[in-house]
1. Which condition number does Asp82 fail, the rest of (1) open to solvent by 30 Å² or more (accessible area, probe 1.4 Å); (2) assigned to a strand (DSSP E or B) being met?
2. May I ask you to say which residue of Gly74, Gly68 is open to solvent by less than 70 Å² (accessible area, probe 1.4 Å) and on the phi > 0 side of the Ramachandran plot?
3. If I ask for residues that are open to solvent by 50 Å² or more (accessible area, probe 1.4 Å), modelled with pLDDT of 90 or more and assigned to a loop (DSSP other than H, G, I, E, B), which ones from the stretch 87-131 would you list?
4. Can you find, within the stretch 162-179, the residue that is farthest from Val21 (Cα to Cα) among those that are in a loop (DSSP other than H, G, I, E, B) and of a type in the set (A, V, I, L, M)?
5. Which residue pairs have Cβ atoms closer than 6 Å, lie 6 or more positions apart in sequence or on different chains, and pair a first residue in the stretch 163-182 that is in contact (Cβ under 8 Å) with a residue 24 or more places away in the chain and over 15 Å from Tyr122 (Cα atoms) with a second residue that is among the acidic types (Asp, Glu) and surrounded by 13 or more Cβ atoms within 10 Å (Cβ to Cβ)?
6. Note down all Cβ pairs under 9 Å where the first residue falls in the stretch 24-46 and is at positive phi, the second is open to solvent by less than 60 Å² (accessible area, probe 1.4 Å) and charged (D, E, K, R), and they're at least six residues apart or on different chains.
7. So which residues in the stretch 132-157 are over 21 Å from Asp48 (Cβ atoms), surrounded by 14 or more Cβ atoms within 10 Å (Cβ to Cβ), modelled with pLDDT of 90 or more and not aliphatic (A, V, I, L, M), if there are any at all?
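The values are calculated or read from the model by the stated rules, or taken from the named source; none is laboratory data. None of these values were measured; they are calculated from a predicted model. A quick note on method: Cβ atoms are made from the backbone with ideal geometry, for glycine too, and the neighbour counts reach across all protein chains shown. Surface areas here come from the heavy atoms of the whole protein model, side chains and all, with no ligands, DNA or RNA. Shrake-Rupley method; radii C 1.70, N 1.55, O 1.52, S 1.80 Å.
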Amino acid sequence: MNRYAVIGVLCLLLGACNVVVTKTPLLSRSDEAGAPPMRPGLWRLEGDEPCQVDESRPLIEWPKCAGGVVIKDGSAGYYDRDGPAPVWTSQPFVLAAGTPRVGQAQAKISGDVKVGSDPFIYFGARATKNDDAARITAMSIWPVQCGPPPPGDKAESTSKPLPGIEMKPGDPVCTTASVAVLRMAAGASEAWIPKPIRARWLRADGGP
């Protein structure tokens, strides 16, 4: 992952540069209507960097590199490991219906990116596996970006923001007040991620 690490439900989501953020939520639980939900319980998010973890162990014992998130009742719970001891934290979470699905989470952003206190961040998602009850048990996810990222592995913002995206020159992140623009950006961003994050359901428990 790059040096702008997102802490929370998107702790493995490639960082916080060139991504859409908002101070207030654009989506609500009502936007999930009619679409298969994620199966409640412990999920693991895996990126392209190796991380050895015994998934059978309690979540609190997982190493910091492992992306463990508990999805339950419209929230995403995780252990914040930035302090001397893990602290259980829960943030609001939405996975809106549509194609692609668009997720919204409120999360802290660490590093050099200054976007205010606990902004809302967004990701696109496609289910890759469902259980017998049609609940999602595996999916690929990617960050909703402001526009085409710079070439190479640079932690920089786009020079060509998408239509409807509000972004000042030199800013590391962008914003929008339009759900339609957000969904358009989610669809476009899928092609800009060489390797999406893999998310998969492990078991029904996982929290404290």
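1. (2)
2. Numbers: Gly68 fails: on the phi > 0 side of the Ramachandran plot.
Answer to the check: Gly74.
3. Result: Thr99, single match.
4. Quick first cut of the stretch 162-179, residues in a loop (DSSP other than H, G, I, E, B) only: 162-165, 167-173, 176-178.
Keeping just the survivors that are of a type in the set (A, V, I, L, M) gives 162, 165, 167, 173, 177.
Numbers: Leu162: 14, Ile165: 11, Met167: 11, Val173: 7, Ala177: 10 Å.
Ranking the qualifying residues of the stretch 162-179, first place goes to Leu162.
5. As it stands, the answer is none, since no pair meets every condition given.
6. So the pair list comes out as Gly41/Arg203.
7. Here is the first cut: in the stretch 132-157, the residues over 21 Å from Asp48 (Cβ atoms) are 132-137, 146-147, 157.
Cutting the leftovers down to surrounded by 14 or more Cβ atoms within 10 Å (Cβ to Cβ) gives us 135-137, 146-147, 157.
Now drop any that are not modelled with pLDDT of 90 or more, which leaves 135-137, 146-147.
Within the stretch 132-157, Arg135, Thr137, Cys146, Gly147 qualify.
This table checks each residue for (1) outside any strand (DSSP E or B); (2) among the hydrophobic types (A, V, I, L, M, F, W, C); (3) open to solvent by less than 60 Å² (accessible area, probe 1.4 Å).
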| position | (1), (2), (3) |
| --- | --- |
| Cys17 | yes, yes, yes |
| Val20 | no, yes, yes |
| Thr24 | yes, no, no |
| Gly34 | yes, no, no |
| Leu45 | no, yes, yes |
| Pro50 | yes, no, no |
| Val53 | yes, yes, yes |
| Arg57 | yes, no, no |
| Ile60 | yes, yes, no |
